[in-house]
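Okay, so here's the structure we're looking at.
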Amino acid sequence: MDLSVWHPPDALGLAIGDKDESLNFRLERLRNRLISDYGATGLHRIAIAVYEPKSDELLTFAYASDTPSPLTQYSAQLSDSQSLMNLSRDWGTRIIHDLRDIPKQRRHSAVVSDSGFRSSLTIPIIYHGKLYGFVFFNSREPEFFQGARLEALLPYARLVGLIGANAIREARIIRGTVGSTIALSKARDIETSAHMERIGVLSGGIAGRLAAKFDLSDEYITMLEQFSPLHDLGKLSIPDIILLKPGRLTEEEFDQIKEHVQKGVDLLEVMVSELDIGSNSQMVMLRDIIAHHHEKLDGSGYPYGLRDDQIPWAGRIVGVADIYDALTSERPYKSAWSKGEAIDLLRRESGTKLCPYCVDALIEVLEDPESNIS
């Protein structure tokens, strides 16, 4: 079923919830409602996986479960699963009555089964004829999804698909804006565009290392990695004579540079209005990135002079990534620092100006030979 032409009944529409909430929270509220109002006590997990057509990857994205999700920060090739490939083509429904009967040829199947889940209901997320991902309902009871119970739960699975399609679509709109901004920056300054791309990788790496300790969801990490390249959006409004000046900036010129934060927030508000995507958790994160990546724990940052926990996680993470990449990159006014020199500075400012958890996470990423980040 193509969700772009499917409309949930009014009673189900109430379950969609507030768009300002995270997708994980909205799914958990829906799962709790199904348990309390409809007696679906055996519905132990709801999950959404996102499909990336360019790489043919399925990525874990959001979930609601009575226990921690068995799969986080995980990806797999869609082409490796014949049953999901079939679903993506025929827009049908896949029901597995007992996961123990399925050969554990793929890690995700084995992990879900080994976590105690027995039966599953899967539908594709199809929007305007395109595959956006999949919705998974899981139960620890074998043969849970059948008969009248299946008929009752299918509309909710489609509702989850609609919620997921909206979230993924809006994320892709923002990602398209990121790509356009990088292209514009490349035309102006190749190094600036490269910096934007690196910030995405570094920020995602930091968030991934902090995920378990601070309960950062896959949805959060994915959005942060995709949106963080827009941290310096406002620099598009800074004149080249200042932005690309080869020498040290005067105090007045630096004040103009600092204006890029507010200019970025203003541009974001225009973008939200023009794209008609409204206020939601994704826009909140993007605003946090743009507005707060120059704040410091001791209040010495700008533009608001926030302190400690007043600075959102997104601002703290991107701020550390931004400093490291700026130090290790050659700029018109300076040569590149070495990796060791940059890490030494981060360590000196850790806990006073910079979030110590973010600094430690970045150093772990940089020292991990499998991260492919230098």
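The values are calculated or read from the model by the stated rules, or taken from the named source; none is laboratory data. Since we're looking at a predicted model, the values are computed, not measured. Here Cβ is always computed from backbone atoms with ideal geometry, including for glycine, and neighbour counts include all displayed protein chains. The area values use the complete protein model at the heavy-atom level, side chains included, leaving out ligands, DNA and RNA. Shrake-Rupley method; radii C 1.70, N 1.55, O 1.52, S 1.80 Å.
Descriptive notes on the structure:
- For first residues located in region 325-342 and free of Cβ contacts under 8 Å to residues at least 24 places away in the same chain, partners that are surrounded by 13 or more Cβ atoms within 10 Å (Cβ to Cβ) and hydroxyl-bearing (S, T, Y) and lie 6+ apart or on another chain with Cβ distances below 7 Å form the pairs A336/T328; A336/S329; W337/T328; A342/Y324; A342/T328.
- Listed by position, the strands (runs of 3 or more DSSP E) inside region 68-151 whose residues that are closer than 22 Å to S217 by Cβ, of a type in the set (G, A, S) and at pLDDT 90 or above number at least 1 are 119-127, 130-139.
- Given (1) closer than 22 Å to A165 by Cβ; (2) modelled with pLDDT of 90 or more, index of the condition Q282 fails: (2)
- Unique match (being part of a helix (DSSP H, G or I), under 22 Å from V135 (Cβ atoms) and modelled with pLDDT of 90 or more) among L202, L162, L224, L154: L154
- Taken over region 7-44, the criterion of being open to solvent by 40 Å² or more (accessible area, probe 1.4 Å), at pLDDT below 55 and closer than 16 Å to A157 by Cβ is satisfied by H7, P9, A11, I16.
- Region 208-222, residues that are in contact with a helix residue (DSSP H, G or I) (Cβ under 7 Å, 6 or more places away or on another chain) and among the acidic types (D, E): E219
- Residues of region 219-273 classified as closer than 23 Å to S335 by Cβ, of a type in the set (D, E), open to solvent by 30 Å² or more (accessible area, probe 1.4 Å) and in contact (Cβ under 8 Å) with a residue 24 or more places away in the chain, total: 1
- Enumeration of residues in region 124-163 that are of a type in the set (D, E, K, R) and closer than 13 Å to R45 by Cβ: R140, E141
- Residue count for region 296-321, restricted to those that are touching a helix residue (DSSP H, G or I) at 6+ places or on another chain (Cβ under 6 Å) and buried (at least 20 other Cβ atoms within 10 Å of the Cβ): 9.
- So E341, is it modelled with pLDDT of 95 or more and open to solvent by 30 Å² or more (accessible area, probe 1.4 Å): yes
- Scanning region 167-180 for residues that are in contact (Cβ under 8 Å) with a residue 60 or more places away in the chain and over 14 Å from the mean Cα position of the chain (by Cα) turns up just one, T177.
- The one condition from (1) out of contact with any Lys or Arg (no Cβ under 7 Å at 6 or more places or on another chain); (2) open to solvent by 40 Å² or more (accessible area, probe 1.4 Å); (3) without any contact (Cβ under 8 Å) to a residue 60 or more places away in the chain that R118 does not meet is (1).
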